[in-house]
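Inspection log for the structure reproduced underneath, given as structure tokens.
Just so it is clear, none of the values below were taken in a lab; they were calculated from the coordinates. These numbers come from a predicted model, not from an experiment. Counting neighbours? That spans all protein chains shown, and the Cβs are built from the backbone with ideal geometry, glycine included.
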Number of protein chains: 2
Amino acid sequence: MIKGNLVVGQSGGPTAAINASLCGVIEGALEHFDGEIMGMVNGIEGLLNENFTDLRKTFKDVKARDMLIHTPSAYLGSCRYKMPKSSVDSSVYEKIFKIFEKYNIRYFLYIGGNDSMDTVYQLSEYAKKKDYEVYIMGVPKTIDNDLNGTDHCPGYGSAAKFIATAVKEMHRDTNVYNLNSVLIVEIMGRNAGWLAAASALARGENCTSPDLIYLPEAPFVMDEFLSDVKALVEKQKVVIVAISEGIKDSEGVYVCESTASGAVDNFGHKYLSGSGKVLENAVRNNLGFKARAVELNVFQRCAAHLQSKTDIEESRKVGKSACEAALSGTTGKMMGYVRVKDYEISYEPMDISMVANVEKIVPREWINERGNNVNEKFVQYAKPLIMGEDYPAYSDGLPCHIALEK
Amino acid sequence: MIKGNLVVGQSGGPTAAINASLCGVIEGALEHFDGEIMGMVNGIEGLLNENFTDLRKTFKDVKARDMLIHTPSAYLGSCRYKMPKSSVDSSVYEKIFKIFEKYNIRYFLYIGGNDSMDTVYQLSEYAKKKDYEVYIMGVPKTIDNDLNGTDHCPGYGSAAKFIATAVKEMHRDTNVYNLNSVLIVEIMGRNAGWLAAASALARGENCTSPDLIYLPEAPFVMDEFLSDVKALVEKQKVVIVAISEGIKDSEGVYVCESTASGAVDNFGHKYLSGSGKVLENAVRNNLGFKARAVELNVFQRCAAHLQSKTDIEESRKVGKSACEAALSGTTGKMMGYVRVKDYEISYEPMDISMVANVEKIVPREWINERGNNVNEKFVQYAKPLIMGEDYPAYSDGLPCHIALEK
């Protein structure tokens, strides 16, 4: 192991599990390494601005680490910085390597989604040309579950657990009146329907919802949707529909951009309404039923009060494994999940080139033919990911978080 | 105690605590009474249709009662039936008393909000004229916290805990980027701002949000709002604003009905957007900042996975006290909370005439002069109500609920 320091950053959209991965990286370093454990504040931007925080000092105490894994969002902050290709503009890479040298940084860990894995890829490719020894590893993270290579993504299980719980609670809520009504639950996911599909996990004892599930992976046909809703309301009165925000018609046009949503405000601006609102209006105007759209919104990614214990443990371990791999001389890889047996996870370094810039979608064969439901294959895949509860400590009635001093 | 049977119903909008009150009523009856414990299915409509369920049978087992208190929404179902004044139309009262006689119902308990307490009032007034001995008691319930007489309402504490937790989690989520942004959190409350005010409880360790709070009790002035947001963004970049859905201007016009929201869809229908969307557009169009509105929506009333232990214990006790009072010969009252010392609750029968049809709002002196925040008086009042956690049992990764067979 080369003497030097380690730097870790978080990037992309926040999740309820990204801090568990950060905790894992820190724990790997604390266990095996005596150099500095530096955190970049606000991702690669923090590195470029030499804005670091001393993670060894803050997190040598196990209590601080316990609080970290229960804190939603990214402790180190995030950024939206998109790295240029080094073949196009190498100046930023030059700058990064100067900073590596200045701080004797020999281990670089980056926790993030698709774009962040591209950063890891670009950086590790560039490193091959440099006469400077540095080990670069990616740690996956995204509630969208759309990273290639890994069985699933850290953060997805907690988001899925929140979504399934919310749908189960809404099932009770919506069934309180003995009246016709349609509830449309709009769930994140622009091109991949993993999150909306997770609503299917709500089904089980005392819950038949959602009745219909629409994902971007199967074309949305408004007429079929309306006739399915009509038949269900006539049969059972209360209907709950789960949709991805990114459902689109057979021509690939997003429902939220279709003419049905062509409202304008009094500035003449196109009124940006979600897909849920479009369906709500369609049900009300065409079928005359009481309809209501609900967006699950940011809670899907920040409801740390309802984490999946499985997700948090795996997210922590994948961070630790990535750190250990870097310290043992692995570079240019993303540490990912391989499912062995049913259900166990093995942590394995994956070729970053097959991860970056590829979006993994829900297999079409996990969706029924009519495109209004997922089948048992999806449920078998996703169910283990929401298992177990891991509650934060509470103080004064509220969950305790840890925050970086600004 | 007169020999006979007891009937209990739930009415109005669901909450995360209304089943705890039902549980309390059942426990009071199980302890002191050997008649039938009948549940009306879907409130007074169930009584009129003689649609009953045997609660003694289902809930003699303590495990079923434990599951009941952690099940959101109304186990017995609810209705939107509005009783006519008996002076206008006494036929429905005649019918109810015939059913009382038919089933030898001597104890009538009704759990609900404003309208439900009116039902209790009308029924108990009518009973005075009848030669039939029946004891009629109300049990308060509403997340809106707007019932007169009682210190606070069963259900409010759990809603407040969810709101404060959500705002605290969104504070972490929103601060992840070092970029200007405004998040507007729209919270339930048409005329009373109790729920939006509860967002103030999020403030404390590692959380300064919400920065601004607007309630229906103080007139909303758009220019002042925009200048306050502008100053805050310039100072701290990220701003979180909590609003009641029912905020209105100095003329009493709801913000969501103001001209700023005058969008129409392509059917020419007025586009019903929430107050949050109106403010989001106002911030974007007038100040040019990134802005996003989030509705907390039904989770405020059905997030039983995050109940306030204090609320659930009190809701259960107030149900039990009401049942015991009826069995001891009290009638025409609502059992309510009296705050004694700081913090203890005494359960006392309250004159139903002072409860029904009165809406309790947030005192103006608990809101600051500019009308953009609540002060310490509100926090002192509300803080005890969110204390303690009481988790449901989980099975297969999801909270367990109990449901009435249909």
Antiparallel DSSP beta bridges within the stretch B:157-300, as percent of all bridges there, nearest 5: 15
Label point distance in nm, B:R339-A:K377, each placed 7 Å from Cα along Cα→Cβ: 5.8
Cα radius of gyration and Dmax for the stretch A:330-406 (Å): 18.7, 52
Interchain or long-range residues, amide H under 5 Å from A:K360's placed H: A:L147, A:N148
Residue order, fewest to most surrounding Cβ atoms within 10 angstrom, among B:F100, B:F289: B:F289, B:F100
Label 7 Å beyond Cα on the Cβ vector: A:D396 copy-to-copy distances, nm: 4.0
Mean Cα-pair separation over length for the stretch B:1-131, i.e. relative contact order, pairs under 8 Å, 6 or more apart, %: 38
At 1.002 mPa s and 20 °C, Stokes D of the protein assembly as shown from Kirkwood alpha-carbon radius, µm² per second: 77
Two-site FRET efficiency, B:E234 against B:L48, from Cβ-Cβ distance with R₀ of 60 Å, rounded to 0.05: 0.50
Cβ crowding within 10 Å averaged over residues, with A:137-147, A:195-205, B:346-356 ranked highest first: A:137-147, A:195-205, B:346-356
Distribution of pairwise C-alpha distances over the stretch B:120-216, 10 Å bins, in %: 14, 34, 23, 13, 9, 5, 2, 0
Long-range amide H partners of A:V238 with built H, under 5 Å: A:S181
Listed residues B:F162, B:F299, B:F220, most fluctuating in chain B (Gaussian network, C-alpha, under 10 Å): B:F299
Relative contact order %, chain B, counting alpha carbon pairs below 8 Å whose residues are six or more apart: 24
Calculated label separations, B:V253, copies of the chain, 7 Å along the beta-carbon direction, nm: 3.5
Karplus 3J(HN,Hα) series, Hz, for the stretch A:308-316 with 6.51 cos²θ - 1.76 cosθ + 1.60 (x for Gly, Pro): 7, 4, 4, 4, 5, 5, 5, 4, 5
Long-range tail of P(r) for the stretch A:156-301 (Cα pairs > 19 Å, %): 49
Note, ³J(HN,Hα) from phi for the stretch A:63-75, Karplus 6.51, -1.76, 1.60, rounded to Hz, x at Gly and Pro: 5, 5, 5, 4, 5, 4, 5, 9, 9, x, 6, 9, 3
Candidates A:V298, A:V374, A:V41: whichever shows maximal mean-square fluctuation once chain A is modelled as a Gaussian network with Cα springs under 10 Å: A:V298
Between the stretch A:228-253 and the stretch A:79-119, the alpha-carbon center distance in angstrom: 44
Farthest toward positive dipole pole in the stretch A:156-301 [+1 Lys/Arg, -1 Asp/Glu at C-beta], among A:P210, A:F162, A:V233: A:F162
Other protein chain Cβ atoms within 10 Å, averaged over every residue that makes up B:390-397: 5
FRET efficiency, 1/(1 + (r/R0)^6) with R0 30 Å, evaluated for A:K290 and B:A403 via beta carbons: 0.85
Other-copy label distances relative to B:Q236, 7 angstrom Cα-Cβ extension, nm: 4.5
Between the stretch A:381-403 and the stretch A:199-213, the alpha-carbon center distance in angstrom: 23
Greater than 20 Å apart at Cα, pairs in B:K129/B:K320; B:K248/B:K383; A:K95/A:K317; A:K161/A:K237; B:K60/B:K317: B:K129/B:K320; B:K248/B:K383; A:K95/A:K317; A:K161/A:K237
The stretch B:1-60-the stretch A:124-169 distance, computed between alpha-carbon centres (Å): 50
For chain A, radius of gyration divided by Kirkwood radius, i.e. Rg to Rh on alpha-carbons: 1.02
Most positive-pole-ward Cα, B:P349, B:A303, B:L279, against dipole of the stretch B:273-406 from beta carbon charges: B:L279
Gain on full stretching of the segment that runs from B:K60 to B:K95 - 0.36 nm per residue minus C-alpha separation: 9.5 nm
Environment charge of B:E94, counting only residues whose C-beta is closer than 12 Å and scoring Lys/Arg +1, Asp/Glu -1: +2
For A:Y214, distant residues with modelled amide H under 5 Å away: A:A242, A:I243, A:S244
Number of partner chain Cβ atoms within 10 Å, mean per residue of A:291-297: 3
Neighbour-count order for A:T310, A:T15, fewest beta carbons within 10 angstrom listed first: A:T310, A:T15
Max mean-square fluctuation residue, GNM over chain B, Cα-Cα springs under 10 Å, options B:K63, B:K85, B:K290: B:K63
Tensor-based shape of the stretch B:1-104 (alpha-carbon gyration tensor, a/c under 1.5 rounded, otherwise prolate or oblate): oblate
Shielding of A:231-239 by partner chains, average beta-carbon count, 10 Å: 0
Which of A:K161, B:K309 has the fewest Cβ neighbours within 10 Å, and the rest in rising order: B:K309, A:K161
Sites A:E205 and A:Y391 - FRET efficiency at Förster radius 25 Å, r taken between beta-carbons, to 0.05: 0.65
